[in-house]
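Every read-out reported here was derived from the displayed coordinates using simple, explicitly stated rules and does not represent laboratory data. This structure is a prediction, so every number in the text was calculated from the model and none was measured. When we count neighbours, we look across all protein chains shown, and the Cβ atoms used for this are built from the backbone with ideal geometry, even at glycine.
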Amino acid sequence: MMQRSHLVGNDYSWQRPIAVAALPRVAPPPRPPRWWWLAQPGWRQAICALVLVATLAGGGVGLWRALAPAHAGCPTYTIRWGDTMWQIAARFHTDTWTLARLNHIANPNLIIAGQTICVAATPNYQPQPTYSDPLQWSNRPEVRAMLIAAADRHGLPRNLVLAIGWRESSWVQHVISWDGGVGTMQLMSYTTAWLNGYLGTQYNPDRLYDNIELGVSYLAILWRDFRGYLPDIISAYNEGERGVRTYGIFNWWYVNSVFALMRAFG
């Protein structure tokens, strides 16, 4: 059969088709392995990271399993509404700060009802003295005069001591708050125990003079530790010195109310 190749002028030239030799059969390229993408550089890094994370997690689980029996052997107690750290520590023959450290509690003032804590006893524990005297009755003029005298003894501003005393109890000795604060200066049991140990005294917070002396002594310690900076001093009296140093001032409502009272007491 002839086929037309190209047009020349007004005529066609015809030529016989060129015989084409049979092309050799070419084999198809090999199919890539199923997990070929794992060999890519980016995936190699990702796999190494995943292996590292799994190794660390496995080590953490192993460490937890190693420590779990030791913690499981510790007796536990579930905090109830109205409990204080001092009461729990005394019940289980330990002290407040040991109990706080054992359970990683930064501020013993802040414990949560329903929380379960470890209450292992402390070797050679010496119980703190207990106070059985009823709260002493007093009147506000008497309390005010004693607060001023205590401020003068400790070299503190009178209006600061008067304001703290009023903010805590409205100058009333015979009061115990829902969280366990006692008397005019609303002293917690563990604060009283710590102050008596620090000062080498045996003050009884149920007595008016002792309560004021303990509270104003604590203010004097805070005044020294915070170098007279009133916001930190006032805040620490309410939330604890460690709380202020760790978290800063988060009870500005208390601080501002004391400042307002200081201005009122001149």
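Worth a mention:
- In this structure the amide hydrogen of M188, modeled in the peptide plane, comes within under 5 Å of the amide hydrogens of V182, none closer than 5 places in sequence on its chain.
- Note on R245 and A120: the model spin-label points, each 7 Å out from Cα along the C-beta direction, lie 2.5 nm apart.
- Here the residues S177, S235, ranked from fewest to most Cβ neighbours within 10 Å of their Cβ, fall in the order S177, S235.
- Applying 1/(1 + (r/R0)^6) with R0 = 41 Å to the Cβ-Cβ distance of T98 and R140 gives a FRET efficiency near 0.55.
- Equivalent ellipsoid, segment 177-266 (semi-axes from 5 times Cα gyration tensor eigenvalues, Å): 21, 15, 13
- 10 Å beta-carbon shell around R245, net charge (K/R +1, D/E -1): -2
- Gyration tensor over the Cα atoms of segment 205-255: the corresponding equivalent ellipsoid has semi-axes (square roots of 5 times the eigenvalues, largest first) of 21, 12, 9 Å.
- The H on the amide N of Q173, modeled in the peptide plane, is under 5 Å from the matching H of S138, each at least 5 residues off or on a different chain.
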